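Please read the structure below before turning to the comments.
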Amino acid sequence: MDENNLPIKLVLQKTTDIQKNQPGGGIKFFCDVTQELQNSISEKFEDVLSYYENVFQESELVPAVSKITVRPEAIAKSYKPNDFCRNCPIIGSKNLDEIYIKVSKKSIEDTLKLIQNPPSEKFRANMTTIIDIEPITVNEKISEDLSLISSKRDFDKICEKIKIKLFDFNDDFDNIQLMEYVLSKISKLGFDDDYELITYGEKIKFIKVSVKSYNDVIKLAEINGVKSIDFFQEYSLPSVDNVNANFQELIDSDNSTSDVTIGIIDGGISDDNSFLKPYIVAREEYVSKIYQNHSHATFIASTIQFGNELNEIYTTEKHRFSFVDIVAIPNSDNTVGPIDCIMEDELMEIIEEVMKKYSSTTKIWNLSLGIENKVCDDSMSDLGIFLDYIQDKYKVQIFVSSGNLNSTPLRMWPPQSSIGERDRIISPADSVRAITVGSVALYDSDDSIVKAMQPSPFSRRGPGANYIVKPDVVDYGGNCSKTHHIEGLGMKGLDIHGNIVEGNGTSYSTPRIVQKYASIYDEMVEKDMLLAKAMLIHSARMNSRDLLNKNQNNIKYYGFGIPSVSAQDILHCKSNEVTLVFKQKVVQGSHLEMYDFPYPKSLIRNGKCFGEIGMTLAYNPVLDDQYGKEYCRTNIDVSFGIYKSDVNGKINFSGCVPLERTWDEKFEKSRVENGFKWSPIKSYYRKIRNGIQNGDGWKIRINMNPRNEISVPAQEFVLIITIKDSEGADIYSEVINGLRERGYVTNNLETRNQIRQRQW
């Protein structure tokens, strides 16, 4: 077998790998439980009771919501005041140090009694975590975007699309009572014929209301049970700044037809483009002909199909995919024709409709759009949440662009300090399930804003909500001069007539990643979307290892990096490296420990271990949009390192990748922000330069934890480990033989290329 084309190995789980978790630590007090503390907490609860007095008198069946603020050092899940909230259950959160609780007159009165006579040590400890208890005020409910609309002219543009979300009490009876209560209140305010209930799945519910003034918004916010008031966003095609290119080479006809179909939700692919028309297998039109502009979608489709050839990026692979063309986004360029937009709720309806129709055959979808003025902050966007729901329901993988920074000044590299938060990703790039794509420059010049391989000056950066790494990856999307010209600096694609043009944007880096993912997915004999995602990100991390290790802040701009051009490079090993895939499950209450991992003998010298190690973990956490920054409800951690038995037979484990560090418990926030905690993708790299003292062996440890002691099903994960020797030793054979000797069962990750080679 070709030493540069060796198969990746799937390592199967052994029953002996499964270990029961040991009981956690004891109860922790953050201060003394004094009468003063008890009185202070009681007074706060009494203020809440007073605030909601009229609400409770009006209806005993409809609960209200209060907010508990906890100490910064008590935000870890093990310190959440669950016992304190036995009568006022936790129903959500916003920030890491905040908890939403369901309250009623009786539940508050019952809790007041317990505060003065604590029923347990845990209850007493819970009280020491609390800083404040407050009602949910009107100002908290109204979004910043809505509150900043000052002129009547601007308000008139959004007054018919006010979006109301209610609290979810995690109880069907309470939720029904609340919905009926709120709708009756809306009617009493005079909006009988001016509201619409919009529902997707079990969790996503909106009330769309048409109002006449901002004072109406305030009246709606005063209704008990309303969680937030915003307005439905408008979507239109991103601005296209294409120029004719001088590149005249013909598109290579030597290609490999794929069975994979890719959906493009955009402005529509042009039928006048003879290069692309044969690949369109289905089309749905939601935009009238007069409002259609095919330039953007055509460029995207041509990038997927011919992007490497058009931009002189060498690869032997030329996959040709089929397209499902969804014409959903109207024209926004008045030089092309009449302009229009699509409302957020309409877009959601279209997406669900096409997924229902095509998701069984079309698993990969490109969605290159966003709202420039909707910068992601601490909370998830509604469209981002919706895309997560869609991907879960229909088992598809959606790709979204990180968004373009169109206002000046554009970002330089390194970034100028004055740029602030203007360049953060935009909705729906915060979708947890989606693969979000940023842009780097392919070309540069003496007067370009950035150099090749640096983040494009328009590419928006992370992190996403919940401190999740966004963008996930980057690819080539263009550059521009200091005078904002793109000639010779942009990416080449095809226009509606099949001519070669040049353009810029994360809209164009996204389909490059779609092409790579689709090629990986296509090459797999056994199709696996999560594995394809993990392989894509693992490739990016290994390619960008030095860049990301150089400066931790770079991950905000590059994500995990730029994946290899060739799917074959991603899906195969060389003799001086070995890549192993662990596609397994971890069950609540247990963890996995894979002892005696065969670290390559060639990399152990004088009792020390050397080499390069890359590791990527991917899983789909349980999600709940009621919990703000705690949106991801399960966390899987992985550690790869050395274990050693002491004189008493106790096994001590030292994590080497990621490098084990001691986090002070008060810095739980730092673990979330900087340590990938609760993140669905974790990717690490370490080059062992000075050696690690070898022990009894190497071990892989995988652990899963849910938030707030919720019950969760077994969590599937994909773990990829690559060990590499830069000096060229055949460590592939050493590891594979070592696994066999230690009783591990492995299979080849079968690819179509391997089958083709066997047939030859």
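The values are calculated or read from the model by the stated rules, or taken from the named source; none is laboratory data. Keep in mind that this is a model prediction, so the values were computed, not measured. When we count neighbours, we look across all protein chains shown, and the Cβ atoms used for this are built from the backbone with ideal geometry, even at glycine.
Taking Leu112, is it out of contact with any strand residue (DSSP E or B) (no Cβ under 9 Å at 6 or more places or on another chain) and either in a helix (DSSP H, G or I) or of a type in the set (Lys, Arg) (or both)?
Numbers: out of contact with any strand residue (DSSP E or B) (no Cβ under 9 Å at 6 or more places or on another chain): yes; either in a helix (DSSP H, G or I) or of a type in the set (Lys, Arg) (or both): yes.
Here the answer is yes, as Leu112 does meet what is asked.
For residues that are modelled with pLDDT under 95 and basic (Lys, Arg), scanning just the range 531-554, find the one that is surrounded by the most Cβ atoms within 10 Å (Cβ to Cβ).
So the residue we want is Arg545.
Filter the range 46-64 down to the residues that are hydrophobic (A, V, I, L, M, F, W, C) and outside any helix (DSSP H, G or I), then identify the one that is farthest from Ile176 (Cα to Cα).
Of the residues in the range 46-64, the ones hydrophobic (A, V, I, L, M, F, W, C) are 48-49, 55-56, 61-62, 64.
Still in the running and outside any helix (DSSP H, G or I): 61-62, 64.
Working: Leu61: 10, Val62: 9, Ala64: 14 Å.
Among residues in the range 46-64 that are hydrophobic (A, V, I, L, M, F, W, C) and outside any helix (DSSP H, G or I), the one farthest from Ile176 (Cα to Cα) is Ala64.
Which of the strands (runs of 3 or more DSSP E) contained wholly in the range 671-758 include at least 1 residues that are farther than 28 Å from Asn4 by Cβ?
On the way: elements: 681-693, 697-706, 715-724, 746-748.
The qualifying strands (runs of 3 or more DSSP E) are 681-693, 697-706, 715-724.
May I ask you to list the residues in the range 400-417 that are of a type outside the set (Phe, Trp, Tyr), over 26 Å from Val432 (Cβ atoms) and either in contact with a strand residue (DSSP E or B) (Cβ under 8 Å, 6 or more places away or on another chain) or part of a loop (DSSP other than H, G, I, E, B) (or both)?
Across the range 400-417, the qualifying residues are Ser407, Thr408, Pro409, Leu410, Met412, Pro414, Gln416.
Looking at the range 521-545 only, could you name the residues that are in a helix (DSSP H, G or I) and within 16 Å of Glu317 (Cβ to Cβ)?
Tyr521, Asp522, Glu523, Ala532, Met535, Leu536, Ser539
Of everything in the range 616-637 that's among the β-branched types (Val, Ile, Thr) and surrounded by fewer than 22 Cβ atoms within 10 Å (Cβ to Cβ), which residue is nearest to Lys395 (Cα to Cα)? Before you say what the answer is, go through the steps one by one.
Initial filter on the range 616-637 (among the β-branched types (Val, Ile, Thr)): 616, 622, 634, 636.
Add one more test, that the residue is surrounded by fewer than 22 Cβ atoms within 10 Å (Cβ to Cβ), and what stays is 622, 634.
Working: Val622: 15, Thr634: 19 Å.
For the range 616-637, the residue satisfying everything is Val622.
Among Gly697, Gly691, Gly655, which is the only one that is over 26 Å from Pro471 (Cα atoms), at pLDDT 85 or above and under 30 Å from the mean Cα position of the chain (by Cα)?
Just a single option satisfies the conditions, and that option is Gly655.
Looking at the range 119-139 only, could you name the residues that are under 30 Å from Asp193 (Cβ atoms) and in a helix (DSSP H, G or I)? Steps first, please.
Taking the range 119-139 as the starting set, the residues that turn out to be under 30 Å from Asp193 (Cβ atoms) are 136-139.
If the condition is that a residue be under 30 Å from Asp193 (Cβ atoms) and in a helix (DSSP H, G or I), then Val138, Asn139 are the ones that fit.
Any residue in the range 675-697 that is exposed (fewer than 15 other Cβ atoms within 10 Å of the Cβ) sitting within a Cβ distance under 7 Å of a residue that is outside any strand (DSSP E or B)? List the pairs, counting only those 6 or more apart or interchain.
Gln693/Gly607
Could we say that Tyr557 is in contact with a Gly (Cβ under 8 Å, 6 or more places away or on another chain) and surrounded by fewer than 21 Cβ atoms within 10 Å (Cβ to Cβ) here? Working first, answer last.
Details: in contact with a Gly (Cβ under 8 Å, 6 or more places away or on another chain): yes; surrounded by fewer than 21 Cβ atoms within 10 Å (Cβ to Cβ): no.
So Tyr557 does not fit the description; no.
Name the residue that is modelled with the lowest pLDDT, counting only residues in the range 91-131 that are among the basic types (Lys, Arg) and within 32 Å of the chain's Cα centre (by Cα). Steps first, answer last, please.
Filtering the range 91-131 for residues among the basic types (Lys, Arg) gives 94, 102, 105-106, 113, 122, 124.
Checking which are within 32 Å of the chain's Cα centre (by Cα) leaves us with 94, 102.
Numbers: Lys94: 88, Lys102: 98.
Here the residue is Lys94.
Pick from Ile162, Ile218: which is in contact with a Leu (Cβ under 9 Å, 6 or more places away or on another chain), hydrophobic (A, V, I, L, M, F, W, C) and in the same structural domain as Asp145 (by TED's automatic domain parsing)? Break it down into steps so the answer makes sense when it comes.
Details: Ile218 fails: in contact with a Leu (Cβ under 9 Å, 6 or more places away or on another chain).
Criteria check complete, one pass: Ile162.
Give the range 65-80 a look and list any residue that's assigned to a helix (DSSP H, G or I) and not polar (S, T, N, Q), or say none.
To start, the set of residues in the range 65-80 that are assigned to a helix (DSSP H, G or I) comprises 72-74, 77-79.
If the condition is that a residue be assigned to a helix (DSSP H, G or I) and not polar (S, T, N, Q), then Pro72, Glu73, Ala74, Lys77, Tyr79 are the ones that fit.
Within the bounds of the range 229-241, is there any residue that is outside any loop (DSSP other than H, G, I, E, B), farther than 30 Å from Gly503 by Cβ, free of Cβ contacts under 8 Å to residues at least 60 places away in the same chain and not aromatic (Phe, Trp, Tyr)? Reasoning before the result, please.
So the first thing to find is which residues in the range 229-241 are outside any loop (DSSP other than H, G, I, E, B), and the list is 229-231, 234-235.
Subsequent filtering for residues that are farther than 30 Å from Gly503 by Cβ retains 229-231.
Narrowing further to those that are free of Cβ contacts under 8 Å to residues at least 60 places away in the same chain: none.
For the range 229-241, residues outside any loop (DSSP other than H, G, I, E, B), farther than 30 Å from Gly503 by Cβ, free of Cβ contacts under 8 Å to residues at least 60 places away in the same chain and not aromatic (Phe, Trp, Tyr): absent.
From the list Ala465, Ala518, pick out the single residue that is touching a residue at least 12 places away in the same chain (Cβ under 8 Å) and within 17 Å of the chain's Cα centre (by Cα). Break it down stepwise before answering.
Values: Ala518 fails: within 17 Å of the chain's Cα centre (by Cα).
Result of the check over Ala465, Ala518: Ala465.
For residues in the range 469-504 being crowded, with 24+ Cβ neighbours inside 10 Å and closer than 20 Å to Gly384 by Cβ, which is farthest from the chain's Cα centre (by Cα)?
Val474
Of the numbered conditions (1) under 30 Å from the mean Cα position of the chain (by Cα); (2) assigned to a loop (DSSP other than H, G, I, E, B), Phe582 satisfies every one except a single condition; which is it?
(2)
Any residue in the range 380-399 that is touching a residue at least 40 places away in the same chain (Cβ under 8 Å) and farther than 19 Å from Lys629 by Cβ sitting within a Cβ distance under 6 Å of a residue that is surrounded by 21 or more Cβ atoms within 10 Å (Cβ to Cβ) and among the polar types (S, T, N, Q)? List the pairs, counting only those 6 or more apart or interchain.
These pairs meet every condition: Phe399/Asn366; Phe399/Thr510.
Test Ser564 against the criterion of being more than 27 Å from Pro471 (Cβ to Cβ) and not in a strand (DSSP E or B), and give yes or no. Give the steps one after another, and end with the answer.
Details: more than 27 Å from Pro471 (Cβ to Cβ): no; not in a strand (DSSP E or B): yes.
Taking the combined requirement at face value, the residue does not satisfy it.
Any chance the range 81-95 includes a residue that's within 22 Å of Gly26 (Cα to Cα), among the aromatic types (Phe, Trp, Tyr) and assigned to a loop (DSSP other than H, G, I, E, B)?
Within the range 81-95 (the criterion being within 22 Å of Gly26 (Cα to Cα), among the aromatic types (Phe, Trp, Tyr) and assigned to a loop (DSSP other than H, G, I, E, B)), the answer is yes, since at least one residue qualifies.
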